[in-house]
1. For segment 13-29 and segment 63-97, what is the separation of their C-alpha centers, rounded to whole Å?
2. Kindly point out which whole DSSP H helices in the chain project their C-alpha atoms 18 angstrom or further along the helix axis while averaging a Kyte-Doolittle hydropathy of -0.5 or above.
3. Pull out the extension gain between Glu137 and Arg23, defined as 0.36 nm times the separation in residues minus the alpha carbon to alpha carbon distance; nm, one decimal.
4. Karplus couplings for segment 89-103 from phi (6.51 cos²θ - 1.76 cosθ + 1.60, θ = phi - 60°), rounded to Hz, Gly and Pro as x?
5. May I ask for the longest run of the chain untouched by trypsin sites (Lys or Arg not before Pro) that are loop-located per DSSP and have at most 11 neighbouring C-beta atoms (other than their own) within 10 Å?
6. Report the net charge of residues surrounding Asp55, where surrounding means a beta-carbon distance below 14 angstrom and charges are Lys +1, Arg +1, Asp -1, Glu -1.
7. Starting at 0 and stepping by 10 Å, how many percent of the alpha carbon pairs of the chain end up in each bin?
8. For the chain, modelled as a GNM with alpha-carbon contacts under 10 angstrom, which of Gly103, Gly114, Gly132 fluctuates the most?
Amino acid sequence: MEATLYETWRLTLRHLAPEHARRWLYLLAHDAKRWQKVSPMMVWPSRDVACMFPDDLVNRLQAMLASPMAARDVVVLNSHAGECYRARLDAVLQLVAMPGKAGQHDVRLALMEGFICIVPGKLVLLCNHEGGVALWENRNQAA
């Protein structure tokens, strides 16, 4: 993994998953085949693994995609496929209106399971292979 990408995850995992950070960073520093062990399921914020979390997730994602943040580069860790790369937020995240359900949207991500670091150490989108999507936000100013 490229050093700047690794540094993004070092900062982020220190806050997102302090109890897993040391092990996960060890795995990320080695062969990509090991990255499947870096699972968002280990830090999932709800018992419902297929949930959208928090309740206002779609509204928050809509606001991000309607702002200059949509064109911002984010760091994607596709732990399922063993990939880590930079991409624009609007290239890896889409909201699709659900047919027959006015005002409801489905969140579509460019990965099956992993993390999208939007702001290192501050804002991360987690997704799991069960279809769950969660937004983790560190409100600590020291990050």
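Read-outs: derived from the displayed coordinates by stated rules, not from any lab. Model, not experiment: these values are computed from the prediction. Here the Cβ is made from the backbone with ideal geometry for all residues, glycine too, and neighbour counts use every protein chain on show.
1. 21
2. Span-like helices here: 3-16.
3. 38.9 nm
4. Result, ordered by residue: 4, 6, 8, 10, 9, 9, 10, 10, 4, 8, x, x, 10, 3, x Hz.
5. Counting only loop sites that pass the neighbour cut-off, the longest clear stretch is 48-100.
6. Spelling it out: positives minus negatives among the neighbours equals -2.
7. Taking every Cα pair in the chain, the percentages come to 12, 45, 35, 8, 1.
8. Gly103
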